[in-house]
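The values are calculated or read from the model by the stated rules, or taken from the named source; none is laboratory data. Note that the coordinates shown come from a computational prediction; the quantities given were computed from them, not determined experimentally. Neighbour counts run over all protein chains shown; Cβ positions are idealised from the backbone, glycine included. Surface areas here come from the heavy atoms of the whole protein model, side chains and all, with no ligands, DNA or RNA. Shrake-Rupley method; radii C 1.70, N 1.55, O 1.52, S 1.80 Å.
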Amino acid sequence: MGTKTSDLLAAAAPRTVAVVRAISDDQLDLPTPCVEYTVRELLNHIYQVVVNFQTMAARQAVDWSEKPDYLDDGWRERFAAEAERLVEAWADPAAEEGVSPGMGLPQRTVGAMALVDLTVHGWDLARATGQPYDAEPAAMDTLHGFMDAMGETGQKMGAFGAPVDAPPDATPLDRLLARMGRHPGWSPPA
């Protein structure tokens, strides 16, 4: 039996894995909506997220200062395998209990952070590489709840930009992106 976090990650991860698998080598230097990252840099970041959040599920501290390059032979399939391990790590009911020693946040909040990264960076990569992306509908309440609790702190820490306006007919994902400072209509420069 899984946890709520693992269930949401299990639904969200394949969407991002599909985007990652479809990225071609000639797209690695393209810009992304996450302005500080190219596709290559964002892939390395999301790869690190997937690996580190497995450790964080076990309430162990991780070192975010190292910036490994994961994009060597077979990286697409290894990313898929690591995403599966992430889901498995959060399936342990103990993963959602207590407080993260490395972050000082409730473990459920830490799990929601992994879900945020998978979802939003999946969208970033899809936009940058011209792919469709549909977020997991069941995750939207959790993602917006995360922003309710952590959005202001995330902005102060530089993890999110200042919110932007979403169009009146915005989808739940578009509203989430706008809350994080992303322009939902972003497209690569011509």
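Yes/no per residue for (1) at pLDDT 95 or above; (2) hydrophobic (A, V, I, L, M, F, W, C):
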residue	(1), (2)
PRO101	no, no
MET113	yes, yes
VAL116	yes, yes
VAL120	yes, yes
ASP124	yes, no
GLY130	yes, no
ASP134	no, no
Query raised in the report: Before we move on, is ALA91 open to solvent by 40 Å² or more (accessible area, probe 1.4 Å) and touching a Gly at 6+ places or on another chain (Cβ under 7 Å)?
Result: no
Query raised in the report: Are any of the residues in segment 54-73 in contact (Cβ under 8 Å) with a residue 12 or more places away in the chain, over 30 Å from PRO189 (Cβ atoms), of a type in the set (Gly, Ala, Ser) and surrounded by fewer than 15 Cβ atoms within 10 Å (Cβ to Cβ)?
Result: yes
Query raised in the report: So is ASP29 out of contact with any strand residue (DSSP E or B) (no Cβ under 9 Å at 6 or more places or on another chain) and exposed (fewer than 15 other Cβ atoms within 10 Å of the Cβ) or not?
Result: no
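ALA91 - would you say it is of a type in the set (A, V, I, L, M, F, W, C) and farther than 20 Å from ALA10 by Cα?
For ALA91, the condition - of a type in the set (A, V, I, L, M, F, W, C) and farther than 20 Å from ALA10 by Cα - is not met.
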